Structures are given as C-alpha cells and as structure tokens.
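Colleague: First, the structure itself, so that you have it in front of you.
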C-alpha cells in the first residue's frame, strides 16, 4: 500500500459576529409569529410577577394605617391569583418557546446538511472528517439545546429583570437608582467575561475537532499503524491533541470561576443599599415603609432572573461559538451552482500540468498525457511519485495550478457534480458502509435499480454471495448489525460504481484491501463489465499493468515511461526493473 502526499488540513471557515446576528434574524423571521407569541407571553408573565411585591407593600401600608383583616385577605387572595396567573403564563411561554426552538433547530440541521452535501470533495478532505463531524453533531446539538432550553429561559428572565427594575423606579426613582448602582458589579464582571469567552470557546471547539480528527484517523488506520509499528507516534499525537483540548477547557473553566463568585457577591449590594437609603428616606417621611419593603423585595426577586441569565451566559457563549462554526459552513467554497458545458466526447487530455498542495513545492512537474475513450491505462511508480495526485486531478477533485485537465475539451474540475458523476468516478482504497440494508447501500448509486441489477453488480465485482447473508439484500449493515470486513466493504463500493455506470473510472488502488486472489478476480470481473469504457488504475500489483492497454510510469512527479507492458519490459527501464522484481516475488517499493 503506497502512501503519497496528502492535502494539508485546512479548517472550515467560522462565521463572523455580524453573520451570526444576520443568521439569527433570518431564523427568527422564518417563524416570526411564534417568536412574537413568546415575547408577549413572557411580558405578561413578568407583569403578573410584579404585582405580588407591590400588593405586599400595600398590605404593610394598610396595616400601618389601621386596616382590618378583610382588606388583608382581599390583597392576599389577589397575590395568590396573580402568582397562579404568572405560573400559567410562564408554562405557556415555555411551551411556545420550546416549539419555536425545535422548529428552528430543524431548519439549522436542514441547512447544515444541504451545505455539507454541496461542499466539493477536495474541501471536505482538506478540512478533515473530524471538523465536519464535530460541527454536524456536537455544535448543532449545542445550538439545539440553547434554542430549546437556554434561549426561552434567558428571554423570560430578561423580560422579568427589565420589568422588576422598572417597578422599582416606579415606586421611587431614588431607590431605583440605588438598585442599579448596586448592580454595577455584575455589569463589570459580565463585561470582563464576554470580552474573553467567545474566543475561548472557539478555541475549545477547534481543539475538540482536532481531537476527533486524531482519534478517527487512528481508529480507521489501526491495522496500518500496527503493521508499521507506529503505535507510539499515534499515541503521542493523540495525547498532544488531548492536552490541547484540556488546556482550552481549563481556560473556559477559569472564566466561569471568576464570573460566578463576583455575581453572587453583587446580588447582596443593591438590596442592602435600598434598605439603608430607604430607611433614611422613611425616617425623613419622604417614602412609605411599604415602598421600601416592596423595592427590597423586587431587588431580591431580581436575583432569580439574573441568576438564570448568568448561569446560562456560559452556555450562550458556548452555543454562540458553536453557531459560528455551524454557520461558517456557508462560507466554505461551494460547488458551482450553474450547469457546466457538456463535454464533446470522452477523451481526457492532460497538458503541461503542475500542481502543489497548499503553496508547497510542486508534486507534479509538467505532466502531459492523453487517455483515449475505452482505453485501460495503469499508472505505476514509487511512493510519492504523484500517482494519487494525478488521479485526483483526472477525477476533478482538484484543479492544476498550471496546465489543464480536460474531458471532451471541458475542464474536469469545472464540471458541475451531476456532469462529473456521469463522466468520471474515482474509487480509492477508502470506502464507507452506510447504515441500512445491502439494498440501500447499493441504491445510493442508482435509486431505480432492480434487485436483479443489484445482484448483477455484486456478481460483477466478485461479491456474488449476497443471498448467503442472513437476510439477503435486506441484511442490515453497520453498528449492531452485520458488519462486512474490509474486503466485502470494498466490493460493495465497487458494486456502486458498476451501478453508477460512468464512462471513465479511476481506480486508486481500489482493490488494495482484497487478498491477491479476490483482487485478481474482482479486477477481471470489473474490467469485463466496463468493456468499452475508460479505466485508469493507480496500481501496486503489476499483474494489473500486464493486462492494460498502456502503462504510465511516474517518478518524481513526471511520467518517465509510457507504453504497452511488452514494450516497457523490452526497453529495460524502470518499469522492467519493477516487473522483474515483482515477478521474482520480491515486492517492489511502489
């Protein structure tokens, strides 16, 4: 198995704050009536909650003025009635808010899925599966939790806090000013926190993505790691990612450990200030005792909504960072939205191609190649010679920096996805089995395929024993069900290619996971099915080259030999040396 140069990891974009605000407004407008209902119900609930302390102050004033038991009973019943009304309104507001949150979350998930599916393959590969996977799972789930729980709670708490402060000012402006001044400590603590939180949580999200990428790569390549003795290197890489993740989480924990104690202390200050100032004013006869008590109760009551806001502030910052990562997918390069020109024929031309990964040194150096329709071309060469890179360019996954790669005089990389799939399909040694049945996995390539066509495709790649599975084509695949080994999974991927029926098929060591006998049978069967179609194979088994129409030998990013198997063996060059080494059962370094 060869290991050629791979694209350097490049993180997907993150949305700027103004884009996050714009996206949030767009989501609110999509369900504006429900959002307005949430606001109205919260306002009514907050208003009902203000009546209790005011009535309690009335009771104190009535008792002080010599009022009887009947007056106190009526006011107490009114307090109970408004408390029940507040309870019902809060529950209704929560219910409407949760429904709004779930519908909005559904829209976010649908947008994310559409954007992810629209990403060019090269963008996904450069970003790494860990980043995209973390955004689609952890980040979307964090946004959903905020919309469902934290969002409605913070909205209710904010309305309540505004109404409570307004009530204190209505009772006495001076007492209201004392209360606001006492809350300045919370304002300074929150401001300090907010200046640092978003950056810290974005760093934590990036560290989580990097850790997921390392773990996924290690798990997927476990056999290769073991075979090459790379265990310590992979353990070190994973430990480094874990340490970075731990450091970013420690940073966010430090921010919370400063915020919450400062807030707890700040709750006591406004209540104490109002009682002291109110006592002085009452002693001078400028304010009633009931107003002082009601103001103190209001400010004490203020701690509940402020607690909710501040306790959720950490989650809001975390979810804002998650939303920035989710919404950032819209900024990633997308596939062209327009229909590309239709290629004139199936001929592929490579002219003067040079290519480098991420502005590094060139991997390909002036490659020229013409692949005729129906030709079977095999590309061989040492590791790092540029075989896989050339295969990516032929499949349209990347565009050359200079020169051109065209099919029917149309740049392959410029074809829209539908056109590209009809003309060129790349199959690598990497494969994926989707959750579902064997039939579901195959019909990804052809939704209308009959069972007979599915069995024919399986037989074409040497997997003609589908009926021996527990439920035949209805056998469930994936976690908790039948799990095919690497060879069977690769045959399943090749069967999907047969069903897709492209005119050009690029095999980048597509049978590397099969044992030699199965690989030989599969390659012959696949070649028979694709009779008359163009096949380009990046091969490490030279028997494949023996059967090809032409063989291209790559060394140091250049095609150094090109011809038939017999001609190249007779020429006595690099290919002849590889062939003699392979034929002598000494595996060549390719």
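Colleague: At 7 Å along Cα-to-Cβ for each site, give me the label-to-label distance between residue 158 and residue 32 in nm.
Modeller: The answer from the label model is 1.9 nm.
Colleague: Hey, with R₀ at 35 Å, roughly what FRET efficiency would residue 85 and residue 440 work out to, going by the Cβ-Cβ distance, to 0.05? Walk me through the intermediate numbers first.
Modeller: Working: r = 53 Å, r/R0 = 1.52.
Between residue 85 and residue 440 the formula returns 0.10.
Colleague: Would you please give the FRET efficiency between residue 280 and residue 257, computed as 1/(1 + (r/R0)^6) with r the Cβ-Cβ distance and R0 = 45 Å, to the nearest 0.05? The partial results should precede the final answer.
Modeller: Values: r = 37 Å, r/R0 = 0.83.
Between residue 280 and residue 257 the formula returns 0.75.
Colleague: Taking a temperature of 4 °C and a viscosity of 1.567 mPa s, what whole-number D in µm²/s does Stokes-Einstein yield for region 17-331 with Rh from Kirkwood over alpha carbon pairs? Walk me through the numbers before you get to the answer.
Modeller: Numbers: Rh = 22.8 Å.
For these conditions, the coefficient is 57 µm²/s.
Colleague: Taking only the alpha carbons of region 130-235, what extent do you get along each of the three principal axes, in Å, biggest first?
Modeller: For region 130-235, the Cα extents along the three principal axes come out at 79, 26, 14 Å.
Colleague: Right, next: By how many nm would the segment from residue 228 to residue 304 lengthen if fully extended, with 0.36 nm per residue of separation less the alpha-carbon distance? Before the final figure, lay out the partial values.
Modeller: Details: separation 76, 0.36 × 76 = 27.36 nm, distance 5.96 nm.
Length difference between fully extended and current span is 21.4 nm.
Colleague: May I ask for the percentage of alpha-carbon pairs in region 359-422 that lie more than 13 Å from each other?
Modeller: Working: 1369 of 2016 pairs.
Counting pairs separated by more than 13 Å, the tail of P(r) holds 68 percent.
Colleague: Would you mind pulling out the separation of the Cα centroids of region 185-227 and region 406-445, in Å?
Modeller: Answer, in whole Å: 33.
Colleague: Given points 7 Å out from each Cα along the Cα-Cβ axis, report the residue 192 to residue 330 separation in nanometres with one decimal.
Modeller: Distance between the two pseudo-spin positions: 3.6 nm.
Colleague: How would 18, 254 line up from fewest to most surrounding beta-carbon atoms within 10 angstrom?
Modeller: Working: 18 8, 254 12.
Lowest count first: 18, 254.
We did not get these values from a lab; they are worked out from the coordinates using the rules stated. What you are looking at is a predicted structure, and each value in this text was computed from that prediction instead of being measured. Quick reminder, even Gly has a Cβ in these numbers, built from the backbone with ideal geometry, and neighbours come from all protein chains shown.
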